[in-house]
Every structure is written in structure tokens, then in C-alpha cells.
Amino acid sequence: MAESRKVAVIGAGASGLVTARELRREGHRVVVFEKSNQLGGLWVYNPRVETDLLSFDPNREIIHSSLYKSLRTNLPRQLMSFSDYSFDCAENVNRLNFPGHEEVLKFLNEFAKDFGINELIRFNTEVVRVAPVEFGGNRWIVESKSEELSSEEVFDSVVICNGHYTTPRIANIPGINNWPGKQIHSHNYRVPEPFKDQIVVVIGDGPSGHDISRDIATVAKQVHLTTRSSEIEVSKLDNYANLWNQEKIDHVDENGEVTFIDGSSIHADIILHCTGYNYDFPFLETNGIVSVDDENRAVGPLYKHVFPPKLSPCLSFGGIPYQAIVFLMFELQAKWIAQVLSGKVLLPTEEEMLADVEDHNRQLEEAGIPKRHTHRLHPTEIEYIDWLAARVEMPPIDDGLTEMYWSIYKFVGQVGWSGYRDLWNF
């Protein structure tokens, strides 16, 4: 007989919502804690930004979402679905191949409504402490606060789905402490207007770096997009008269100069850090069993990016990996967690899971992959998704979706991150 557990899910974003659905399908009793007043997590656009634009000040009001107004998905709508719930179930009017964030939020709201997830969510309730119950048989205390009222509740299991796009990573640039210009992290970027007539250096040439550079170039005097790559050619970008690819920053000076590793320099007004985010679980107390390495952006040890071996299966994480078909990955992780908790699926022993983690880390090292990419799935994301599917007796990912996914990567390689959404046809 399947075991029914009382399970706390932290976060009502995409991962938390599908996790709640799968847990309830397995007969578990579910409470979802959401500190904001609505579901959707990072897909909720908030025009407000933090008072500290680099998010250093521990006393600042933290804005969860990092959405900029013009953001569109990196994957087409066909790859934004769950296995049994199409992205097009939501009655979206604007049917772009790469939808905007408004469509994604609508999709998540429709999903929650159709599966009765809203009734499981405690809105405006922030989790402030998650800790093992002393002598409690692997149970967990979840302390939360709502409208200045605090409460403690005991759960059999906790699934952490609080996302990892809220706590910024900042580039370490020689001389930056004395540089007189303005700095901002992309977490606090919303619209281009504040950059009008400015000379802007953008650090980081991933999807958000390209998006934001193009956005800013509509109003800025100059935009210089820098990269770590040693193969970059300094050049104009995307037919913009004021947008350049640049090499990595070498240093900055107190006179406002930004000098690149090729020796060239410009006098900049603003440095915009599109440099990613750290994992952050300020509420979690495990006495060091689970740790976050901020320098290398890694959480560990986690078996298959989900279960900490010493605390499994009572503690798990949803949505840690990135660069994948993320909504489908969230769903399969959720099914795996739910079925492990009900006893339908067994985990390996603690020793076997730890050995698997060590083997994963060793493979990264041997391949010359930096530790900061511990949770980056690419280029093995399809293998990971198929592995999860096999655990819960689901078929591997459809060949057509796989082909579409890899075709997009090929297309991005040809035209770059900047224009592939507009040029891609199906």
C-alpha cells in the first residue's frame, strides 16, 4: 500500500505547482508556502526594483522576480508544456512561437486552476526556517510568518522549489570599488528608459545579456556587450549602430574608464551585470549536511540534482538544474519525488548516492568543466530527462521535441542569441 505523507512545498512557481500536483496525485497531503500574493514565481512581472541595484544590502526589500518587461522565453511554446497539459491549453491571444512572460504566467494560472492547486497554497506566507525535528523520526519543522504572525508546523517531508533567479552574482572586476559610475545587476533591470543617452557596458553574453543589450540600445548612446570567450571579435552587433561585441573587461579606473583585455578602453556611465544568480536557501538548517557554494554556484551533495543522500527522501529540491526543457524536467522531477515518498520507487543507498555525486563531479573535472556548471545539464539534458522518465515508467522524450530542441541550439549557433527568436520558423 502506498504511503501518504504530509509534505511542505516551498514556492508556488512552475516547479512548486507541478510538484504539488504530482504529490497530490500520489495521495500525499500537500501544503504550498508562497511568500507573495500570487502564484507564478519568477514569471510574475514586478515593475519595482530593489533600492540597492546590486542587491548587496541585507536590509533591502527583496524583489523576487528578475523579469524585464520585454522578456520572451528561450524555448518555443511547444517545449513549454507539461506532458499532459499543453501550453496552448491557456487561451492566450498573442501566439508568438517564443511567448512573452505574460503568456507563461497565464499558462501557470490555468494549470493551477484546472488541477485545483490554488486550494493548497498559503499565499503571503514566508518560510523562515526549515529544520529537522530533534528525535522526530526524519520529520521537519517548518516555521513560517504571515502578516507578522509566526507559526510552526511539523511535516513528514519538505520539497524546496524556491527558484534560483533572485540572489545576484556580481562580476569581480579589478578596480571596481573605486569606479565612479553606476552599477546594476540584471535582476533590477526592467525597461530601457533609464539608460537614455548613456554609455553602457553589459557583462555577460548569455540570453539575458543579449536581450537587455538590444533593449538598451534603442535609447542608449553606446552599448558594449562583453564576454568571457577568448574567440570574440570586436564588432558591431545585430545591425545596431551603437551596439558592439567586446572582449572581457581587464580593469576599471577611478576616472570612469573601462579597459578591455585587448587594451582598448571607453569612458562608461553604467556597468550592467548580466552575470547570473546564486542558489539561496536562507531558511534551511541542516547542520552543514547540505551546503551552498556561492563561489562555484553549487548545491550539494545532491543525488541527480534532487535528493541530498543523508536526508533522503524526506528533503528534496525541485528545479535546481538549468539549460534543459525546464517545464518537462520540473514535472519529471516532481513525479520522481512523489513516487519515492509514496514508496513506489526506491532510491539507492546513501553510499551509492554519494558515490554517484562524486562520479558526476569527477566527470566534470575530467572534462574541464568549471565547478560553477555543476547543475548545468547541457549537453546531456535529454539524457537526464529520459533518465527521470525511466524512473517513473514514462516514455523517453518524443523524438520530434528532441529534434526541435537541438535544432534551436544549432540555429542559435548560426545566428547568435540575439535574433534567433525572430528568425526561427517551424
Coarse-grained scattering of the chain at q = 0.06 Å⁻¹, given as base-10 log I(q)/I(0) from a Debye sum over alpha-carbon atoms:
-0.26
Please turn the phi angles of segment 193-198 into ³J(HN,Hα) values with the Karplus equation 6.51 cos²θ - 1.76 cosθ + 1.60 (θ = phi - 60°), one per residue in order, whole Hz, x for glycine and proline.
3, x, 9, 4, 6, 9
Of Asn97, Phe135, Ile160, which is farthest towards the positive pole of segment 74-177's charge dipole, taken about the Cα centre with +1 and -1 on the beta-carbons of Lys, Arg and Asp, Glu respectively?
Asn97
Full extension from Arg362 to Ser291: what is 0.36 nm times the residue separation minus their Cα-Cα distance, to one decimal in nm?
23.7 nm
Provide the gained length on full extension for the span Arg95 to Asn239, in nm with one decimal, where the gain is 0.36 nm per separating residue minus the Cα-Cα distance.
49.2 nm
Kindly put Glu143, Glu134 in sequence by how many other C-beta atoms sit within 10 Å of each C-beta, fewest to most.
Glu134, Glu143
Calculate how steeply helix 326-342 sits against the longest principal axis of the alpha-carbon atoms of the chain, using the helix alpha-carbon long axis, and give the answer as 0 to 90 degrees to the nearest 10.
20
Assign unit charges at the C-beta atoms only (+1 for Lys and Arg, -1 for Asp and Glu), then state the dipole size of segment 1-132 relative to its Cα centre in Debye, rounded to the nearest 20.
160
Of the listed pairs Lys145/Lys335; Lys6/Lys304; Lys182/Lys248; Lys106/Lys145, those with alpha carbons more than 22 Å apart are Lys145/Lys335; Lys6/Lys304; Lys106/Lys145
Per the helix-only calculation at 222 nm, which mean residue ellipticity applies to the chain, given -39500 (n - 2.57) for every DSSP H run of n ≥ 4 and division by its residues, nearest 500 deg cm²/dmol?
-7500 deg cm²/dmol
With Cα springs under 10 Å, the Gaussian network model of the chain assigns the largest mean-square fluctuation among Ala268, Ala12, Ala338 to Ala268
Only four residue types carry charge here, +1 at the Cβ of Lys and Arg and -1 at the Cβ of Asp and Glu. Report the dipole size of the chain about the Cα centre in Debye, rounded to the nearest 20.
740
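Every read-out reported here was derived from the displayed coordinates using simple, explicitly stated rules and does not represent laboratory data. Predicted, not measured: the structure shown is a model, and the values here were computed from it. With ideal geometry, Cβ positions are generated from the backbone for all residues, glycine too; neighbour counts draw on all protein chains shown.
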